[in-house]
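Just so it is clear, none of the values below were taken in a lab; they were calculated from the coordinates. Predicted model only: the values in this text are computed from it and were never measured. Using ideal geometry, Cβ is built from the backbone for each residue, glycine included, and neighbour counts are taken over all protein chains shown.
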Amino acid sequence: MSEQEINATKAPLVEHLTELRSRLIKSVIVLAIATVLCFIISDRIFNLLLYPYERATGNIGDIKLIYTAPQEYLFTQFKIALFGGLYISFPVIAAQIYKFVAPGLYRNERRAFLPFLFATPVLFVMGGALVYFLVMPLAMKFFLGMEQAADAGQAAIELLPRVSEYLSLIMTLIFAFGLCFQMPVILTLLARAGLTSAEGLKKKRKFAVVGVFALAAFLTPPDPVSQIGLALPTLLLYEFSIIAVKMVEKRRAEAEAARAV
């Protein structure tokens with residue numbers, strides 16, 4: 001980038017603050033509209049979130065959830081609306097952040113940043129899909145397996161979850177998996193900044209294994225299905241991150257060699 005192009009990107013502080021306010025207002029408006037739309041169909045969204053529970057039981061008619069406070073299900077619908085609103089509006093919010101930051105980046109930095117802008121929501125969706133179709137059904141089957149049938153000398157013990165607790169469980173798992181699936185993006189960005197290397201990641205692999213299992217135990221419910229379901233894909237992503245960092249280092253070496261010629 002030439003000095004003239006650099007000067008063209010400079011702007012007074014007031015202009016930066018004005019643009020930031022404009023970007024924030026647009027993001028909030030989109031989030032509010034998406035949240036209202038999701039609240040209107042929050043009952044349908046909740047029924048969709050019951051799919052893992054249905055897979056665990058094998059029959060939607062066997063599912064029964066309760067709420068123990070008059071306002072509980074209403075607040076649950078509010079949470080569903082906000083969850084859905086954030087999910088729907090994320091591409092717009094990410095685009096607004098990029099448009100605010102882009103003028104301060106060099107042209108090659110903009111090209112390098114764009115793939116990560118697209119990879120972030122894709123990886124989050126992949127993590128959420130793993131929860132929805134695999135981990136959550138297995139976890140619910142594990143919990144249902146702890147039920148006890150009524151018999152001579154023992155009482156019946158049945159799972160009767162509250163709507164708020166079920167929503168909290170599935171949302172926690174989706175966010176946990178979605179965030180852990182950002183590992184390749186974060187490590188690749190650190191590699192571009194020169195803060196990590198493929199060799200360094202290999203040497204720290206054993207610490208990563210311990211850290212991943214500890215993080216899985218912290219983020220997920222205290223059952224082995226959820227914890228192993230989060231830990232194993234995260235470790236695979238760690239190995240994939242090493243490959244991605246190698247590619248970054250290779251391209252950097254080729255660019256330095258080309259400049260040296």
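List of remarks:
- The order of S42, S164, going from fewest to most other C-beta atoms within 10 Å of their C-beta, is S164, S42.
- Amide hydrogen proximity for R162: with H placed 1.01 Å from N in the peptide plane, the residues at 5 or more positions away or on another chain lying under 5 Å are I66.
- Region 243-260 - phi-based ³J(HN,Hα) in whole Hz, Karplus 6.51/-1.76/1.60, Gly and Pro as x: 5, 5, 5, 4, 5, 4, 5, 5, 5, 5, 5, 5, 5, 5, 5, 5, 5, 6
- Cα-based radius of gyration for region 1-159, normalised by 2.2 N^0.38 Å, reads 1.57.
- In a DSSP loop and with at most 16 other Cβ atoms within 10 Å, the trypsin sites (Lys or Arg not before Pro) in region 147-252 are K204.
- Spacing of the two label points (7 Å from each Cα toward its C-beta) at K141 and K206, in nm: 3.5 nm
- Relative contact order [Cα under 8 Å, 6+ residues apart], the chain, whole percent: 21 percent
- Computed from the Kirkwood radius of its Cα pairs, the Stokes-Einstein diffusion coefficient for region 182-261 at 37 °C and 0.692 mPa s stands at 238 µm²/s.
- Per-residue [θ]222 nm for the chain (sum of -39500 (n - 2.57) over DSSP H runs n ≥ 4, rounded to 500): -25500 deg cm²/dmol
- Around the amide H of D223, modelled in the peptide plane, lies no amide H under 5 Å away from a residue 5 or more places distant or on another chain.
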